[in-house]
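S.K.: Structure provided below as structure tokens; questions to follow.
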Amino acid sequence: MQLFYNPTIDENTESFTFDKEESRHIIKVLRKKDSDILFVTNGLGYLFETEITLASDNKCTVKIISFTKETPKKFHLHLAVAPTKMNDRYEWFLEKATEIGISEITPIICDRSERKAINRDRFEKIILSAMKQANELFLPKLNEAISLKEFLKQKNEGQLFIAHCEETNKKTLKSALKANEDVTLLIGPEGDFSEKEIYLALENQFIPISLGNTRLRTETAAVVGCHSVVFINEV
């Protein structure tokens, strides 16, 4: 199934028109024509079966034939991950985490962060593309970049974890996780969290965990953490 996206539609929509860019892709690149079937999601768990009524590369119009709604996951997975020095590594994480099944992402700026700004528009495009490629019906939420200190002031519920490399008493994420509960996991920058940041997280009820015996890159640690949570909730 090839999946398309339109955030404006819901169960009450009867027909709609794709924007010019998407219309051109559907008609010129994919060579779709009148009466062809397209599957569309609004990123909120809905899958719409639609039929092309106007095959124009300027404004491809479809009518909705039917729709189904997927049951949301029993857990919300929120990863707060420091931006990496090289943007392509963070983009790789966004793509893979979306494919695996992440719910929410917050870029966090830490004491040792070498990158303190993000291109949110580009990141959102990568997440959207990965959602469509994976035939995922829920679009992960990407938040604005925020300092770790400000992030910890927010209300974070469920299981709270911080992955760091300091030689302290830590559980493995696998042993600490409980199924069907919301999870927030903090992943630091190259150079790891500072001792002050770790202490602040612990003060805010975050549990220190290990993601394995090897030292992982930021983006690898984030993907490992994401997969671990989703795997625990699938078995």
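S.K.: Out of the residues in segment 164-212 that are exposed (fewer than 14 other Cβ atoms within 10 Å of the Cβ) and touching a residue at least 60 places away in the same chain (Cβ under 8 Å), state the one that is farthest from K74 (Cα to Cα).
M.R.: Ranking the candidates gives K196 first.
S.K.: Right, here's the next one. Determine whether F151 is closer than 21 Å to K85 by Cβ, assigned to a loop (DSSP other than H, G, I, E, B) and in contact (Cβ under 8 Å) with a residue 12 or more places away in the chain. Explain how you work it out, then say what you get.
M.R.: Numbers: closer than 21 Å to K85 by Cβ: yes; assigned to a loop (DSSP other than H, G, I, E, B): no; in contact (Cβ under 8 Å) with a residue 12 or more places away in the chain: yes.
No: the conditions fail for F151.
S.K.: Only one of these is buried (at least 18 other Cβ atoms within 10 Å of the Cβ) and in a loop (DSSP other than H, G, I, E, B): T84, T106. Name it. Give the derivation first.
M.R.: Values: T106 fails: in a loop (DSSP other than H, G, I, E, B).
Matching residue, one of T84, T106: T84.
S.K.: Surrounded by 15 or more Cβ atoms within 10 Å (Cβ to Cβ), free of Cβ contacts under 8 Å to residues at least 60 places away in the same chain and hydrophobic (A, V, I, L, M, F, W, C): which single residue out of V229, V224 fits that description? First the steps, then the outcome.
M.R.: Values: V229 fails: free of Cβ contacts under 8 Å to residues at least 60 places away in the same chain.
Testing whether each residue is surrounded by 15 or more Cβ atoms within 10 Å (Cβ to Cβ), free of Cβ contacts under 8 Å to residues at least 60 places away in the same chain and hydrophobic (A, V, I, L, M, F, W, C) leaves just V224.
S.K.: Let me spell it out: the conditions are (1) open to solvent by 20 Å² or more (accessible area, probe 1.4 Å); (2) in a strand (DSSP E or B), and F161 meets all of them except one. Which number is the exception?
M.R.: (1)
S.K.: Does K32 qualify as being in contact with a helix residue (DSSP H, G or I) (Cβ under 6 Å, 6 or more places away or on another chain), open to solvent by 50 Å² or more (accessible area, probe 1.4 Å) and either not in a strand (DSSP E or B) or not basic (K, R) (or both)? Give the steps one after another, and end with the answer.
M.R.: Numbers: in contact with a helix residue (DSSP H, G or I) (Cβ under 6 Å, 6 or more places away or on another chain): yes; open to solvent by 50 Å² or more (accessible area, probe 1.4 Å): yes; either not in a strand (DSSP E or B) or not basic (K, R) (or both): yes.
Yes; evaluated as a whole, the condition is true for this residue.
S.K.: Quick check: anything in segment 122-143 among the hydroxyl-bearing types (S, T, Y), modelled with pLDDT of 95 or more and open to solvent by less than 40 Å² (accessible area, probe 1.4 Å)? Talk me through it step by step, then tell me what you get.
M.R.: Let us first name the residues in segment 122-143 that are among the hydroxyl-bearing types (S, T, Y), namely 129.
The next check asks that each one be modelled with pLDDT of 95 or more; those that pass are 129.
Add one more test, that the residue is open to solvent by less than 40 Å² (accessible area, probe 1.4 Å), and what stays is none.
No, segment 122-143 contains no residue that is among the hydroxyl-bearing types (S, T, Y), modelled with pLDDT of 95 or more and open to solvent by less than 40 Å² (accessible area, probe 1.4 Å).
S.K.: Taking the residues in segment 55-73 that are of a type in the set (S, T, N, Q) and open to solvent by less than 40 Å² (accessible area, probe 1.4 Å) as candidates, determine which candidate is farthest from I100 (Cα to Cα). I'd like the intermediate steps shown before the answer.
M.R.: Going residue by residue through segment 55-73, those that are of a type in the set (S, T, N, Q) are 56, 58, 61, 66, 68, 71.
Now drop any that are not open to solvent by less than 40 Å² (accessible area, probe 1.4 Å), which leaves 56, 61.
Numbers: S56: 35, T61: 32 Å.
For segment 55-73, the residue satisfying everything is S56.
S.K.: Given (1) touching a residue at least 24 places away in the same chain (Cβ under 8 Å); (2) acidic (D, E); (3) farther than 15 Å from P7 by Cα, identify the lone condition not met by E136.
M.R.: (3)
The values are calculated or read from the model by the stated rules, or taken from the named source; none is laboratory data. Just so it is clear, the structure is predicted and the values come from calculations on it, not from any experiment. Because the Cβ atoms are built from the backbone with ideal geometry, glycine has one as well, and the counts that use them run over all protein chains shown. Note: areas computed on protein heavy atoms with side chains; ligands, DNA, RNA excluded. Shrake-Rupley method; radii C 1.70, N 1.55, O 1.52, S 1.80 Å.
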